[in-house]
Amino acid sequence: MKRLLATAALASALAGCATSGTAPAASTGATAKSPYESEILATVDRFLLAIGNHDDEALEEILITEGVSWIQTIKPGEEQPVRPYTNASMMEPDPDADPFIERYWDPTVTVRGGLAQVWAPYELRDNGEQVHCGIDAFDLVHLDGAWRVASVLSTMEPESCAAMMPPSPAAMRPRDGWKETRNE
């Protein structure tokens, strides 16, 4: 009986954490949209622009450098191991860096207190060519009055773009601010 009650309490707590907003969703099953969603998505937009444009000053304002992010390459019938990389390594200068474009669409945003997550499909383009698509999951923390990226989980799926792309490039964000020419 104690185990059943503990399991029910844990399930209830987890269900409350998975909802948007600062309070659990009503019993109707509806989830409230967070008042912070546009601010959170703007932070993700600025992060992708900073990474793609190799703008270390902007990246320093947005990224929590003490974090660790994770990447996995997935091809049909072949999944590579998940690899970690430190967020601080994103700040290391690379004189040969080439600007690229990484845009996402259909984001799912969940917020609880000062923690947020954005889960979205994305595409990466470099030198006018689509390199790969995948899923990005951004973990954000609200610190000193602003949302900052704590970590990124990302799949790189070169053969999944046809199945993942939105019906129109207009659904993608961020739209503007790229050093590389936009590829529509």
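The values are calculated or read from the model by the stated rules, or taken from the named source; none is laboratory data. This one's a predicted model, so the numbers in the text were calculated from it and none came from an experiment. Methodologically, a virtual Cβ is constructed for each residue, glycine included, from the backbone with ideal geometry; neighbour enumeration extends over all protein chains shown.
Below are the figures for this structure:
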{"item": "Residue in region 64-103 that is nearest to the chain's Cα centre (by Cα), counting only those that are more than 25 Å from Met172 (Cα to Cα) and among the small types (Gly, Ala, Ser)", "result": "Gly67"}
{"item": "Scan of region 105-140 for residues that are crowded, with 18+ Cβ neighbours inside 10 Å and closer than 18 Å to Thr73 by Cβ, ordered by number", "result": "Pro121, Tyr122, Glu123, Leu124, Arg125, His132, Cys133, Gly134, Ile135, Asp136"}
{"item": "Qualifying residue in region 39-55 (condition: in a loop (DSSP other than H, G, I, E, B), more than 14 Å from the chain's Cα centre (by Cα) and at pLDDT below 95)", "result": "yes"}
{"item": "Selection within region 141-184 - touching a residue at least 12 places away in the same chain (Cβ under 8 Å), acidic (Asp, Glu) and loosely packed, with under 12 Cβ neighbours inside 10 Å", "result": "Glu159, Glu184"}
{"item": "Odd one out for Pro93, checked against (1) in contact with a strand residue (DSSP E or B) (Cβ under 6 Å, 6 or more places away or on another chain); (2) within 26 Å of Thr73 (Cβ to Cβ); (3) of a type outside the set (A, V, I, L, M)", "result": "(1)"}
